[in-house]
Structures are given as structure tokens and as C-alpha cells.
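Student: Questions regarding the structure given below will be posed in turn.
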Amino acid sequence: MLYILVLVLLVIVSVCLVGVVLLQSGKGNNLTNAFESEATFGNRSGDVLTKSTMVLAVSFIVLCLLATILYKQGTSSVFKTVAAPARQTESNMRSMAQQEADEAAAAAAAAAATAEESSAAAEATPEETKDAAPAEEAAEKTAE
């Protein structure tokens, strides 16, 4: 329960930190400002946005560490939640082998039926050619 509370606080702090950083204006636009002592080490006075950024950043880091510690205490291993695969018993293995044999027999029967159909079609083809030959001869005689 405490872990969930810390995560909710972490999300809220993260959103607030992003908002505060986006509200801040740029402090220097040229290269010479980067080497000034005030820009390098920061102004000690600071405004409200700068102070709130520091507070939110520190609280973000503390909440991240706290969430990590709470998570480590709650679960010792990620793999404990994964279920072990079911063991194959001898009866399961037999039923799987029987199912494979039935599938192979069905495939062989389908192949045999296809072979019979193709042989029947091959036998029908010469008869059709014989019937077509006299018709072609009659057409040739009429053409002459």
C-alpha cells in the first residue's frame, strides 16, 4: 500500500516538475553569458520558480529511491510471479501421439482421394479426344 502511495506521489511530483521547468524563462542567449560567474554558479537569491524546481527535483530523487527500496522489499524476485510450465504426463504424451497419428491418417486419406480423382480425370481425357477426332474429320470433309 505504501508502495502505491509513493508511486502516486512520484507521478504528481514529476508532472509538477515538468510544469515548473517549462514555466521558467531562459537566462542567457549568447556564449558570453555561459562563462559569467552568476550564470555558471547560479544566483543565490533565486526566484520562486528556481526554488520550487530545486525542491521538486530533490523530492523526485528521494521518492525514486524510496520506491526502489519498497519494491525490493516487496518482491525478492521477478521470476516468482511466473507460473511454471505444466509437466507432460505419460497419458498426455500418448494422447498427443494418437492425435498426430490421426492427423497423418487423415492427410493420407485426402492424398489418396486426390490421386483417385486425378487418375479418373486422366482416364476420361482419352475418350473425350476420341469423340472429338471424328467431329474434326467431319468438319474437314465439309470444308473441302
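Student: May I ask you to order 101-112, 56-67 by the average number of other C-beta atoms within 10 Å around their residues, highest value first? All intermediate terms of the calculation are to be shown ahead of the outcome.
Tutor: Details: 101-112: 10.0, 56-67: 14.9.
Descending mean neighbour count gives 56-67, 101-112.
Student: Related question: Given the peptides 5-11, 19-25, arrange them by the average over their residues of other C-beta atoms within 10 Å, most packed first.
Tutor: Numbers: 5-11: 14.3, 19-25: 11.3.
Order by mean packing, descending: 5-11, 19-25.
Read-outs: derived from the displayed coordinates by stated rules, not from any lab. Computed from a prediction, not measured in an experiment: that's the story for all the values here. A quick note on method: Cβ atoms are made from the backbone with ideal geometry, for glycine too, and the neighbour counts reach across all protein chains shown.
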